[in-house]
Each structure stands twice: as C-alpha cells, then as structure tokens.
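In what follows, a structure is listed as structure tokens, so that the remarks can point back to it.
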Amino acid sequence: MSEQNGTPELNEGLEKRQLSELVRVRRQKLAALTASGKDPFAEVKYPVNASSKAIIEGFEQMDGAEVSLAGRIMSKRDMGKASFCDIVDRYGKIQLYVKRDNVGQEAYADFKKLDIGDIVGVNGKVFRTHKGEISVAVDSYTLLAKALLPLPEKFHGLRDTDLRYRQRYVDLIVNPDVKDVFIKRSAIIREMRRFLDERGFIEVETPVLQTVAGGAAARPFITHHNTLDLDMYLRISLELYLKRLIVGGFEKVYEIGRVFRNEGISVRHNPEFTLLELYEAYTDLSGMMELTESLIREVALRVLGTLRISCGGHDIDLEAPFARLTMTEAVRRYSGVDFDGVASDDEARALARRHGVAVESRHKRGDILSLFFEHYCEDKLIQPTFILEYPVEISPLAKRMPQKPGMTERFELFVLGREHANAFSELNDPLDQRERFIEQMRLKAQGDEQANEIDEDFLIALEYGMPPTGGLGIGVDRLVMLLTDSASIRDVLLFPTMKPLGD
C-alpha cells in the first residue's frame, strides 16, 4: 500500500481496510475461476525446460527458441492489446510479452485479471524487445497457483525486521538480496564438506537426544522420552560422541549439525544453531590452526572469489597469516594488566575489583583472566586472530600445556570481535578428565548452570585409549555472517527462533 498522510494510527487503519479489500477482491476472483471450471490449484505439475538465468545468459544460442518456464508474477504493465509482466523463478527475473493475438481473446482477458504474486507457467519464444530487454513472447500460459494475499507494495517492500523473520517466505519473495544470502549459505556448507572430504575426513551423525549434556559450557533444553520414562537433553555440542569415534579408530571424523542451547537471544546468538565439529587423530593444536586457516580461505575463495571481504564496515583480510596472541598477551595489550604477575585467586579478585570487572566467589585466577579478556579484548580483535593458552578452569576438555599446567592447548579464532572457531589439543588422559568433570560438578552445585556433567560412558571410552587428537569447532552461522556481511544471526537463519505473536 502507498503511504498516507495523517497520524500513524490513521494510516494503520487505512492500510488494514485497504488490505481487507484487496483480499476480498482476490477471493472473489478465485470463486469466479472455480465457478468457471478453471481451478487455479488443479495442476499437479508443469513441464519446465528453461529458467530465467539460462535464457538471459544463453540468449545468443536461445534467441527464437521455444521455451517452457514458470514463476511468480512480480509486476504487470497493461498496454491494451498487449501486456508486459515480470516473473521471478529460482534464479532471477525475466520479462514476458503477452499479446492478445498470440494467446487468444479469452485467455488474454483472463491474463489481465491475474494479480501480482500469482504463479504461472508459460510457453513461448525467446526474443529481445526494441528496448533491448531479453524476454519471452508468450504463446500460452497456465495459472498454477492463485495468491490470495497481496505482496508488500513494490517500492515499500518488506522492511519490518520482525515481520521479515516471522514470514521468511514473503521476505524471500520480495527481497532478492535475502535469497542471495541463503544461496551463499548453502554454497559455504557445501564447500566446507568438500574441503574436509578431500582431506580424508568421514562425515558422521551423532545423537541429538542425549542423557548427558556435555562437550560445552551451556544450559541445555530438557525433554522427556515417554516410552523410557526418561528425561533427556537436546545436545549442546557434538564433541563427546565424535571423540568416542576417534577411540573406535575412525581417526578423521566431522559432523555439521544443529545444536541447542537454552540461552539468551541476540544478534550473535540463537537457541538452535549450526556447528561444524571435527576431530583428527595424531595431530594437535598447530594442526588445527593450519586446518582452520586453510578451510576458511578456501571456502571464501570458492564462494566469493576473493580473500579480501567487507563486513560490518571493516575490510577483512583473509589472505594474510592470521595473527596469534596468548590470552595473557591480549589482556596485557588492551588493559595494561599483566596476569603473569598474578599468583593467587585472591590477587586476581582484588585486581578485578580495581578494574570494575564483575566476578563471583567461585571464580578462580583463570576464570578472572578470561573475564578480563572478554571485558577488554574481544571487541578489539577485528582482523582474524588466534587467541591461545586458555586457563584450565574454562577448558575442561583440553590438554594441559606441559610447561604451563594452569593453561591448556586451546585456541579461539576471533574476527570482527566475535568468536568463530574453538579448538583443542584434546585431553586424552581419563584420570585427568574425571578430575575435571568432578570440578565441573562442584561448580554446578555452586550455581553454575553451564558447567559440564560427568559422562561416565565417555570416560570409559577414554580408558580404552584415545590417541593424541586435535579437535575443532566452527560456528557455521557466524562464518556465514562474516562472508555475507550480515549484521545479525537472524539474517542467516531461514527461520530464527521467535516469540509467538500475542504471547
């Protein structure tokens, strides 16, 4: 609808009445079609042998050819005895030229009654208009589906962000750039698979329903299995089952799957999201760094054709070697605080109080170092940067550093101030792992809802022996955000989690 003059309340009322009238008219058209034996939903298929993209890109070979294609009407221009309209298919837009003498008087009269949003199939010849636009001169057409609701007005479009996410189907129809994001998302995931397959990894599937929520620091969703009368969790990570497969001798495994975390919603977080996790035997953190850099570069180059991208107003260089800083070095650089000189938990807590970093009584020196990093450093890491040497307190599944037993062989990759990847030299000592789990349960008892639980079956698996292993997790949604210059995770999820209207 066009904009009206007046108060917002008056304009909203006018729009609702106009919309109601448009819907009434469309339903009348449907009733008339049905009464005349022209049910617009009767067709079960349509023989498509061409697309908008194929016709436009191959015009020199297809000029004058008979084609059959289908799509949604997005605009109409009536010129008396002839009409032009644009239809959109999966690949883009193409113009149709519909002439009364070609399709017949009755069919042409019916065509003029079609609405924006109706889906049609057409047969005709490819040609170029006097103005130079590649088009199809229609010989016959079939109404394949009647749109009973009008699309947003052409020049206003669907701009309400909340409505775009709730009605993604309309968003995809009227905003072509949105469709392009999700086409790129599909290509990104396809190229991730290709990269790993070519390196000898095996793609596997692990349980979504689990009896122990492990592998990450997150609060799980809880559900109930009626037959077993058993509370279960939706998985928060892919890690522990994939490492069981390393124990079983698979050596190189990966999974791209949905994980679920009962946490807040923000531009970076959705309660369900897509995660790539991979594990490779007989390698370590350095192997995971090489793999991470190579994977991201190759995916970007294959999908975008460049390693220099723009995102969030920043020019990001994916070609240069990724920077490397330890967490302690990053905190020293951006806060001026040197944790190498902090020996005890009490000293760390006093330091936090002086710098306005909120801590809890359960937090130890390593926890507080991490809180300093979050407070002072994360948003400064714009170019790709590996942050190394994470405290053992926040890394219950990573191997300790031999020279620094309070630190672990772990990195996180930051780009644009947000984490994109997390990797370990995996802990394969079952006794150390049990002690870490016990400490996590102590934290859980103190109120840490994100602490890990003891997974006895996983510990049994480790007792059979797991080789030295490198593990990596990449947030697929955040990588898509980076490579498509998307500001919110909701922009790269087809159907993000939304609170129902009226609740």
> Among the trypsin sites (Lys or Arg not before Pro) within the stretch 35-92, which fall in a DSSP loop and have no more than 14 other Cβ atoms within 10 Å of their own Cβ?
Replying inline: Lys38, Lys45, Lys81, Arg90
>> Using only DSSP helix segments of four residues or longer, with each worth -39500 (n - 2.57), what per-residue ellipticity at 222 nm results for the chain after dividing by its residue count and rounding to 500?
In response: -11000 deg cm²/dmol
> Which label belongs to the value computed from this structure, given these candidates for Cα extents along the principal axes in Å: [x] 71, 63, 52; [y] 77, 58, 43; [z] 89, 55, 54?
Replying inline: [z]
> Order of Met79, Met327, Met289 from fewest to most other C-beta atoms within 10 Å?
Replying inline: Met79, Met289, Met327
> Looking at the stretch 311-372, which GluC sites (Glu not before Pro) are DSSP coil and have at most 14 other C-beta atoms within 10 Å of their C-beta?
Replying inline: Glu319, Glu360
> For Thr274, Thr497, what's the fewest-to-most ordering of other Cβ within 10 Å of each Cβ?
Replying inline: Thr497, Thr274
> What's the exposure ranking of Lys364, Lys131, going from fewest to most Cβ atoms within 10 Å?
Replying inline: Lys131, Lys364
> Which ³J(HN,Hα) values in Hz, rounded to whole numbers, follow from the phi angles of the stretch 387-400 under the Karplus curve 6.51 cos²θ - 1.76 cosθ + 1.60, where θ = phi - 60° and Gly and Pro get x?
Replying inline: 9, 10, 6, 8, x, 5, 4, 10, 9, x, 10, 9, 6, 5
> Taking a threshold of 21 Å on the Cα-Cα distance, which of the pairs Lys243/Lys444; Lys252/Lys399; Lys53/Lys113; Lys113/Lys179 fall above it?
Replying inline: Lys243/Lys444; Lys53/Lys113; Lys113/Lys179
>> Using each residue's phi in the stretch 120-133, evaluate 6.51 cos²θ - 1.76 cosθ + 1.60 at θ = phi - 60° and report the 3J(HN,Hα) Karplus result to the nearest Hz, with x for Gly and Pro.
In response: 10, x, 9, 10, x, 10, 6, 7, 10, 6, 4, 7, x, 8
>> I want to check the label-to-label distance for Ile265 and Leu149. Put each point 7 Å from Cα in the C-beta direction and report it in nm to one decimal.
In response: 1.8 nm
>> Taking loop as defined by DSSP and a crowding limit of 10 other beta carbons within 10 Å, which chymotrypsin sites (Phe, Trp or Tyr not before Pro) in the stretch 72-178 fit?
In response: Phe155
> Can you work out ³J(HN,Hα) from phi for every residue in the stretch 299-314, in order, using Karplus 6.51 cos²θ - 1.76 cosθ + 1.60 and θ = phi - 60°, giving whole Hz and x for Gly and Pro?
Replying inline: 4, 4, 5, 6, 8, 9, x, 8, 10, 10, 10, 10, 8, x, x, 10
> Given H placed on each backbone N at 1.01 Å, which residues far from Ser75 in sequence or on other chains put an amide H within less than 5 Å of it?
Replying inline: Asp86
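Readers should treat all values here as calculations from the given coordinates under stated rules, not as data from a laboratory. Quick caveat, the model's predicted, so the values are computed rather than measured. Glycine also receives a Cβ, built like all others from the backbone with ideal geometry; neighbour counts cover every protein chain displayed.
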